[in-house]
Amino acid sequence: GIQAPPNMQAEQLYEAIRMGFFRDQISRFRAIFGCRTIEGARQFAAKYPGGSATAQFAIWRVEATKFAEFDLHLVNGHISYPHTHDTALDYWSGHHSPTPLLEVLMEPPVRVVEFVEMVPNPNPAPAP
């Protein structure tokens, strides 16, 4: 049969926890993701450089009416029900891991204010 990738299974569990205990929070399935600071966006780009060696991140300054900040390090793709359940509760409660990577979930629509910069992939492919 068709099996969802582990990160999708984790996302579905996080959404179920949100629906059950944190209905007032923005769904990760509907959110626009960002960072509160330019430095936070750069850290995110360094940690998650994208699917190709030539991938780049465009950083834009945006404004949102409704948003919340959470620790992305509490969202992982490893499914172990008791651990993931507890971690999802921590995530939606706004707790942070020992080394947080903060993400902002924004409820659409957001207003794009200005382009800030392009961030190149920190791990480019080796030259041929």
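Please report the net charge: other residues with Cβ closer than 15 Å to the Cβ of H95, K and R +1, D and E -1. Each step should come with its number before you reach the end.
On the way: positive: R18; negative: E69, D71, D86, D90, E103.
Computed value for this residue: -4.
Around I26, with a cut-off of 10 angstrom between Cβ atoms, what is the net charge of the other residues, counting Lys and Arg +1 and Asp and Glu -1? Present the calculation step by step, with values, prior to reporting the outcome.
On the way: positive: R18, R28, R30, K66; negative: D24, E107.
Charge balance in the 10 Å sphere: +2.
Read-outs: derived from the displayed coordinates by stated rules, not from any lab. The structure presented is a predicted model; accordingly, all values stated were derived computationally and were not measured. Here Cβ is always computed from backbone atoms with ideal geometry, including for glycine, and neighbour counts include all displayed protein chains.
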